[in-house]
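Data first, discussion second: the structure below is written as structure tokens.
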Amino acid sequence: MDPNPPPNSRPAPEPFLSLHTAVVLLTALVIGLVTGALTALTGAPGAGAVLAGLGAAGPSVPVLRCLIGAPREGPSP
């Protein structure tokens with residue numbers, strides 16, 4: 001391994017979303033999908049199931065953001 005990288009190499013780009021944000025949004029999506037599917041299985045109209053899923057996914061984002069803590073910087077104590 002060469003300790004000096006070539007002069008035309010660029011540092012790796014930063015990710016579009018942090019891991020914390022991706023996990024929170026993915027979990028909210030799953031909550032919304034499950035809520036919408038369960039609502040649709042009760043015989044509710046499709047629009048009602050979509051609204052129920054959105055109504056569950058939206059408010060769950062701030063709650064999940066608090067429950068799923070952001071990663072700590074540095075070594076753990």
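The values are calculated or read from the model by the stated rules, or taken from the named source; none is laboratory data. Since the model is a prediction, treat every value here as computed from it, not as a measurement. In this analysis, Cβ positions are derived from the backbone assuming ideal geometry, glycine residues included, and neighbour counts consider all displayed protein chains. Ligands, DNA and RNA are excluded from the accessible area calculation, which covers all protein heavy atoms including side chains. Shrake-Rupley method; radii C 1.70, N 1.55, O 1.52, S 1.80 Å.
Filtered by the rule that a residue be more than 22 Å from residue 21 (Cβ to Cβ) and open to solvent by less than 40 Å² (accessible area, probe 1.4 Å), segment 45-65 gives 48, 49, 52.
Can you confirm whether segment 7-14 contains a residue that is modelled with pLDDT under 95 and on the phi > 0 side of the Ramachandran plot? No - not one qualifying residue is present in segment 7-14.
Before we move on, is residue 33 assigned to a helix (DSSP H, G or I), under 16 Å from residue 62 (Cα atoms) and open to solvent by 80 Å² or more (accessible area, probe 1.4 Å)? For residue 33, the condition - assigned to a helix (DSSP H, G or I), under 16 Å from residue 62 (Cα atoms) and open to solvent by 80 Å² or more (accessible area, probe 1.4 Å) - is not met. Looking across segment 10-22, the residues that are open to solvent by 60 Å² or more (accessible area, probe 1.4 Å) and either touching a Lys or Arg at 6+ places or on another chain (Cβ under 9 Å) or not acidic (Asp, Glu) (or both) come down to 10, 11, 12, 13, 15, 16, 17, 19.
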